Amino acid sequence: MRSCMLLAAAIPLVHGVRIIQSNDDGWAEANLRTFFNVLDKAGQQVILSGPAEQQSGTGSNDAAPTTVDADGCIHASCPGGSPPTGANTTDPRLNYVNSFPVTSIKTGIDVTAPKLWNGAKPELALTGPNVGSNVAIQAPFSGTIGAATYAAKTAKIPAIAFSGVTGDPTAWNAPTPLHSKVYADLALNVTQTIINSGKPFLPDNTFLNVNFPKVESNRCNSASQFKFIFTRINTGLVSARDANWCGSTRLPWEADVILFRGSDCYVSISPGDANDKTTVNDAAVQQQIINKLKPILSCLP
Ligand SMILES: *[C@@H]1O[C@H](CO)[C@@H](O)[C@H](O)[C@H]1NC(C)=O
Ligand SMILES: *[C@@H]1O[C@H](CO)[C@@H](O)[C@H](O)[C@H]1NC(C)=O
């Protein structure tokens, strides 16, 4: 009896992909926690390591974590004067790092995850969904993209950065907003598609920059209404031809898809170069990524 129960308890540990999660809005943000919950429910092994405080716009900054200031962690999620790093008291998978987004994901990859996984490192890094879009010229400043590119370039872990237009900072323990639920479901779909495509999950030194458009009470309000469009981070007017896709050798621009056609419920997925946070311009590498995402991609009309 007892050994049966132990066996049953051990089963979840041997299934699923080892995932590290982070963001730049803080470890206690509703978008991030809602995504954690759906990944966990889908059977993935997830460890969250996010900044103690709001760290938007901090790009690729990295510095040793310090004691939490007198105000405490974001949304009163830890008391003032807490140690530089810490975990939720009942769930060791939920962790804060009082520093930049890059530092928080690095600490998760190098310290927290191996401690909880018997020395094993994460196989996939997911950041966000960021509160607010990260398209085109916003990309270099984003801590959400900074953390993803750190994972892809420095830690050599395939990474996806997610961002959503709708919403304001919201505490993890407030009623979950509709947009957080929709974005988490959409992010799960992209994540499962990449996992199902097999390893390597993405080509070396690349990441995906995924943006979700507006979610409104009367439109684009459930994941099944959305279409996924393969796009570019920058317009690419003068760059070499893109992969031949949707009858063209120039991919649409993510800003156009998200900001100007957002009410058509289009999600943009751009292949990102982790070295400089711009589009992967190599058409052959673009094609490898298209092949992985094909089960969910649509063309613009
Ligand atoms: C810690 O985890 C518990 C159990 O999941 C939850 O009820 C609580 O709200 C969490 N607190 C923080 C700050 O994450
Ligand atoms: C993922 O998105 C695709 C394309 O919209 C859809 O056909 C599919 O049903 C979605 N998968 C899940 C698990 O929601």
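The values are calculated or read from the model by the stated rules, or taken from the named source; none is laboratory data. Every value quoted in this text rests on a predicted model; they were computed, and no experiment measured them. For neighbour counting, all protein chains shown are included, and Cβ atoms are generated from backbone atoms with ideal geometry for every residue, glycine included. Side chains included, ligands, DNA and RNA excluded: accessible areas come from the protein's heavy atoms. Shrake-Rupley method; radii C 1.70, N 1.55, O 1.52, S 1.80 Å.
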(request) Distance between Cα centroids, the range 184-225 to the range 87-110: provide it in whole Å. (result) 23 Å
(message) What distance in nm lies between label points placed 7 Å from Cα along the C-beta direction at Asn173 and Gln225?
(response) 3.2 nm
(request) Counting residues in the range 232-282 as N, plug N into 2.2 N^0.38 Å and put the Cα Rg over that result. (result) 1.14
(message) Using the Cα centre of the chain as origin and beta-carbon charges of +1 (Lys, Arg) and -1 (Asp, Glu), tell me which of Thr279, Val97, Val38 is placed farthest towards the positive end of the dipole.
(response) Val38
(message) Using +1 at the C-beta of Lys and Arg and -1 at the C-beta of Asp and Glu, which of Asn196, Leu124, Leu237 has the Cα lying farthest in the positive direction of the dipole of the range 95-253?
(response) Leu237
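Once you have the alpha carbon radius of gyration of the chain, what is it after dividing by 2.2 N^0.38 Å, with N set to its residue count?
0.97
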(message) Using the Cα centre of the chain as the reference point, and only Cβ charges (+1 on K/R, -1 on D/E), how large is the resulting charge dipole? Debye, rounded to the nearest 20.
(response) 880 debye
(request) Could you look at the range 211-263 and say what percent of its accessible area is carbon and sulfur, using a 1.4 Å probe and all protein chains? (result) 50 percent
(message) From the mean inverse distance of alpha carbon pairs (Kirkwood) and the Cα radius of gyration, derive Rg over Rh for the range 150-301.
(response) 0.96
(request) Assuming R0 = 51 Å, can you tell me the calculated FRET efficiency for the pair Asp282 and Thr89, based on Cβ-Cβ distance, to the nearest 0.05? (result) 0.60
(request) Sticking with the crude label model, points 7 Å out along Cα→Cβ, report the distance from Lys121 to Thr154 in nm, one decimal please. (result) 1.3 nm
